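Worksheet: the structure to be examined is printed underneath.
The values are calculated or read from the model by the stated rules, or taken from the named source; none is laboratory data. None of the values given here were measured: they were computed from a predicted structure. Positions of Cβ are backbone-derived with ideal geometry, glycine not excepted, and every protein chain shown enters the neighbour counts. All accessible areas refer to the heavy atoms of the entire protein, side chains included, with ligands and DNA or RNA removed. Shrake-Rupley method; radii C 1.70, N 1.55, O 1.52, S 1.80 Å.
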Amino acid sequence: MRTLVAYKNKKIVTDIITGLGGSYFMYKEIGALEDMRAIPNLKNNPRETVDPEGLWVGMHMRYWCMAYDTKQFKRDEMPKRWDDLLTNAKFRNGNLALGNRPQLWALSLWKANGEKWAKDFLAKLFNDVKPQLRREGMNAMLELTAAGEFYASLPSAEYRTYQKQLEGAPVSYHCPEPVPAAVSEMGILKGAPNINAARVFVNWFLSKEGQIAQYVADYAPPVHKE
């Protein structure tokens with residue numbers, strides 16, 4: 001949001017922006033994003049991970065499921081399907097934290113299971129389970145799960161959870177079926193001072209070597225179609 005506000009005030013504070021997410025449409029509305037369709041390695045991405053207008057491209061995949069406190073849950077206690085989340089009493093009484101990012105997980109389930117299922121599921125989640133409604137970012141919610149603030153958080157990214165495990169935090173990751181998947185986006189700011197360097201970087205980042213390097217660095221699942 002700081003980058004967006006700065007751009008509106010004719011200040012460019014970065015060449016490349018990542019994790020656009022729900023703010024993408026605000027950038028598009030003011031014409032802040034460069035058309036990247038001339039970058040050769042966009043061809044390496046599956047079609048659905050590239051904006052038709054070239055304004056964003058997927059930089060890695062994410063699976064948006066649940067992080068949980070291993071002091072509170074055993075793996076076999078976790079819900080096998082999303083409906084099981086509604087009937088497990090341990091998730092009630094505020095023990096489940098729900099982040100304000102429905103586009104990361106609920107829309108995938110809506111597509112997979114249909115509108116009626118999704119509306120029924122969400123109504124029961126809010127009315128029966130009554131999760132804590134949190135405004136933190138997803139990484140901050142993961143930190144709070146690790147600290148024991150609540151038993152589980154939704155949605156969480158699997159590779160971020162794994163990073164916390166490597167640090168010794170008492171957290172693990174679980175996906176009920178079906179598994180929600182999404183892509184994290186990157187874009188180039190229109191008029192960026194180093195725009196050619198930005199194009200070269202994005203081209204490398206979308207190469208097989210770039211995607212492997214990203215995975216080695218932070219365990220983010222590659223988006224490269226190979």
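Rounded to two decimals, the Cα-based Rg/Rh of region 49-196, with Kirkwood Rh, is 1.02.
Given a 1.4 Å probe and the protein chains as shown, residue 186 ends up with an accessible area of around 0 Å².
Taking the three principal axes of the alpha carbon atoms in region 16-67, the coordinate ranges are 37, 27, 18 Å, sorted in descending order. The shape of region 56-106 can be summarised by an equivalent ellipsoid whose semi-axes, obtained from the alpha carbon gyration tensor, come to 25, 13, 11 Å from longest to shortest.
A viscosity of 1.306 mPa s and a temperature of 10 °C, combined with the Kirkwood radius over C-alpha pairs in the Stokes-Einstein formula, give region 144-226 a diffusion coefficient of 103 µm²/s.
Computed over region 78-140, the percent of Cα pairs more than 14 Å apart is 60.
With the whole protein complex present, residue 68 retains an accessible surface near 10 Å², based on a 1.4 Å probe. Looking at region 34-163, send over the antiparallel percent of its DSSP beta bridges, to the nearest 5. Approximately 45 percent, going by the DSSP bridge assignments.
Separation of region 113-141 and region 89-110 by C-alpha centroid, Å? Their Cα centres are 4 Å away from one another. A helix-only calculation puts the chain at -10000 deg cm²/dmol for mean residue ellipticity at 222 nm, using -39500 (n - 2.57) for each DSSP H run of at least four residues, averaged over all residues.
The percentage of C-alpha pairs in region 134-185 whose separation is greater than 18 Å is 30%.
Of the peptides 196-202, 104-110, the ranking by mean beta-carbon count within 10 Å, highest at the top, reads 104-110, 196-202. Among 23, 184, 207, the residue with the largest mean-square fluctuation in a Gaussian network model of the chain, with springs joining Cα atoms closer than 10 Å, is 23. Heavy-atom surface analysis with a 1.4 Å probe gives the chain a carbon and sulfur content of 52 percent of its accessible area. The value given for region 98-177 is a Kirkwood hydrodynamic radius of 13.6 Å, derived from the mean inverse Cα-Cα separation. Residue ranking by accessible heavy-atom surface, 1.4 Å probe, largest first, among 175, 65 comes out as 175, 65. In this structure, residue 6 and residue 48 have a Cβ-Cβ separation that, at R0 = 35 Å, corresponds to a calculated FRET efficiency of about 0.70. Loop-located trypsin sites (Lys or Arg not before Pro) in region 1-78 (DSSP state not H, G, I, E or B) with no more than 14 neighbouring Cβ atoms inside 10 Å: 10, 11, 37, 71, 74. When DSSP assigns beta bridges and you keep just the ones with both residues in the chain, what percent turn out antiparallel, to the nearest 5? Just about 75 percent of them are antiparallel.
For the chain, the longest principal axis of the alpha carbon atoms and the long axis of helix 115-124 meet at an angle near 60°.
Take the chain with all the other protein chains still there, run a 1.4 Å probe, and you get 53 Å² of accessible area per residue. Alpha-carbon geometry of region 2-111: the Rg and the Dmax are 19.2, 54 Å, given in that order.
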